[in-house]
1. Which of the following residues is of a type in the set (D, E) and either surrounded by 21 or more Cβ atoms within 10 Å (Cβ to Cβ) or closer than 30 Å to C295 by Cβ (or both): D161, D127?
2. Would you point out which residue out of V66, V52, V36 is closer than 26 Å to F263 by Cα and of a type in the set (A, V, I, L, M)?
3. Condition first: touching a residue at least 60 places away in the same chain (Cβ under 8 Å), within 16 Å of V298 (Cα to Cα) and out of contact with any Leu (no Cβ under 9 Å at 6 or more places or on another chain). Now tell me which residues in region 84-128 satisfy that.
4. Hey, I93 hits all of (1) among the aliphatic types (A, V, I, L, M); (2) out of contact with any helix residue (DSSP H, G or I) (no Cβ under 8 Å at 6 or more places or on another chain); (3) crowded, with 19+ Cβ neighbours inside 10 Å; (4) more than 20 Å from A219 (Cα to Cα) but one; which does it fall short on?
5. If we scan region 12-23, do we find a residue that is assigned to a loop (DSSP other than H, G, I, E, B) and either at positive phi or touching a helix residue (DSSP H, G or I) at 6+ places or on another chain (Cβ under 6 Å) (or both)?
6. Is there a residue being surrounded by fewer than 17 Cβ atoms within 10 Å (Cβ to Cβ), closer than 23 Å to H109 by Cα and free of Cβ contacts under 8 Å to residues at least 24 places away in the same chain anywhere in region 42-57?
Amino acid sequence: MSHQESLWQPSASIENLRLRAETLKQVRDFFTECGVLEVQTPMLGRAGSTDVYLNSMQSYCAGGGVSEPLNLYLQTSPEFHMKRLLAAGSGAIWQLATSFRNGEYSERHNPEFAMLEWYQPNYDLNDLMAEVQSLVEEVLGVNTFSCISYRALFNQNLNIDPFSAPLVELQRLATKNTGICGETLDRDGCCDLLMSACLEPLLGQNELSFVTNYPASQAALAKLKQDEAGDWVAARFECYYQGIELANGYHELTDAKEQAKRFAEDNQQRRSLDLPEVTADQHLVAALESGMPECAGVALGFDRLLMLKAEAKHLSEVISFAIDRA
């Protein structure tokens with residue numbers, strides 16, 4: 001049988017599809033026991049993610065009962081719609097959402113993927129990290145964890161402070177350790193390159209690893225706070241297991257003016273990089289103005305969780321039809 005003739009077949013084995021169904025039941029039972037409401041939000045929205053590092057896919061709706069044509073975005077995550085539910089009084093919520101990110105296809109990426117996302121009102125980051133740990137223990141059987149700050153991770157493994165080191169030192173270190181020229185990279189670019197190439201593979205080898213206190217410039221939709229050294233940092237964490245980034249959690253931003261400012265700054269940076277501007281979600285800004293409760297939220301890659309559970313090497317092994325067979 002030729003390669004082309006075999007492309008009708010699923011990329012995942014039937015055994016892994018059964019494992020996927022079993023794992024979804026585990027997750028649903030976990031949140032039911034925690035009293036968290038399952039919700040479903042749109043995959044299409046009038047706004048997209050302004051994040052410079054994300055590329056949204058777009059669609060178009062016209063005709064029929066649609067009064068005027070609509071340019072729509074396939075959602076990069078369910079975050080904005082879920083926060084609108086929180087502002088409406090939903091209480092704790094979770095969902096397994098189909099999400100879309102253009103141009104992302106690799107061993108650990110697929111342009112269409114499953115995002116497990118949940119929000120807990122009145123939780124702080126420590127509460128949320130404990131809940132992530134409980135869920136991962138339920139699914140993967142991992143019962144030990146560690147926590148390290150972003151600064152300490154760089155200091156211990158690369159002997160450099162990512163906050164105070166001169167940019168030229170970070171550029172030299174990035175070039176030396178990755179073989180990629182870092183001379184044109186800014187501070188975040190150097191740190192991201194060092195993180196992905198040198199530090200992430202070290203994390204979570206024998207336990208679940210949490211990294212906290214990222215630079216304020218990497219806050220995305222998290223609140224800001226000052227760390228022990230007096231630097232402003234993002235109130236967020238990332239969770240790793242066996243060198244794979246599994247989850248990203250925030251103490252969520254609730255300030256509508258700050259949210260609108262970040263949307264505008266994102267699009268300004270997009271313009272400077274010759275990237276297309278993205279329609280900012282004014283519904284989210286309005287929801288924050290109405291009063292979203294203080295909460296912590298996390299997005300966990302469900303397909304990556306399955307990869308780890310199935311001991312798979314490629315995300316396509318746990319997705320029914322990866323993008324090359326869609």
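1. Details: D161 fails: either surrounded by 21 or more Cβ atoms within 10 Å (Cβ to Cβ) or closer than 30 Å to C295 by Cβ (or both).
The conditions single out D127.
2. Values: V66 fails: closer than 26 Å to F263 by Cα; V36 fails: closer than 26 Å to F263 by Cα.
The match here is V52.
3. L86, N122, Y123, D124, L125, D127, L128
4. Only one criterion in (1) among the aliphatic types (A, V, I, L, M); (2) out of contact with any helix residue (DSSP H, G or I) (no Cβ under 8 Å at 6 or more places or on another chain); (3) crowded, with 19+ Cβ neighbours inside 10 Å; (4) more than 20 Å from A219 (Cα to Cα) is unmet by I93, namely (2).
5. Of all residues in region 12-23, those assigned to a loop (DSSP other than H, G, I, E, B) come to 12-13.
Next, from what is left, pick out any that are either at positive phi or touching a helix residue (DSSP H, G or I) at 6+ places or on another chain (Cβ under 6 Å) (or both): 12.
Yes, because at least one residue in region 12-23 is assigned to a loop (DSSP other than H, G, I, E, B) and either at positive phi or touching a helix residue (DSSP H, G or I) at 6+ places or on another chain (Cβ under 6 Å) (or both).
6. Taking every residue of region 42-57 in turn, at least one turns out to be surrounded by fewer than 17 Cβ atoms within 10 Å (Cβ to Cβ), closer than 23 Å to H109 by Cα and free of Cβ contacts under 8 Å to residues at least 24 places away in the same chain.
Each row is one residue, and each column tells you yes or no for (1) within 19 Å of the chain's Cα centre (by Cα); (2) free of Cβ contacts under 8 Å to residues at least 60 places away in the same chain; (3) over 21 Å from A87 (Cβ atoms); (4) in a helix (DSSP H, G or I).
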site	(1), (2), (3), (4)
K257	no, yes, no, yes
D274	no, yes, yes, no
V285	no, yes, no, yes
E289	no, yes, no, yes
A296	yes, no, no, no
E317	no, no, yes, yes
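Table: residues versus (1) buried (at least 19 other Cβ atoms within 10 Å of the Cβ); (2) closer than 22 Å to L288 by Cβ; (3) in contact with a strand residue (DSSP E or B) (Cβ under 7 Å, 6 or more places away or on another chain); (4) modelled with pLDDT of 95 or more.
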site: Y60; (1), (2), (3), (4): no, no, yes, no
site: Y73; (1), (2), (3), (4): yes, yes, yes, yes
site: E79; (1), (2), (3), (4): yes, yes, yes, yes
site: L85; (1), (2), (3), (4): yes, yes, yes, yes
site: G89; (1), (2), (3), (4): no, yes, no, yes
site: F100; (1), (2), (3), (4): yes, no, yes, yes
site: S106; (1), (2), (3), (4): no, no, no, no
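The values are calculated or read from the model by the stated rules, or taken from the named source; none is laboratory data. The structure displayed is predicted, hence computed values, not measured ones. Note that each Cβ is placed from the backbone with ideal geometry, even for glycine, and that neighbours are counted across all protein chains shown.
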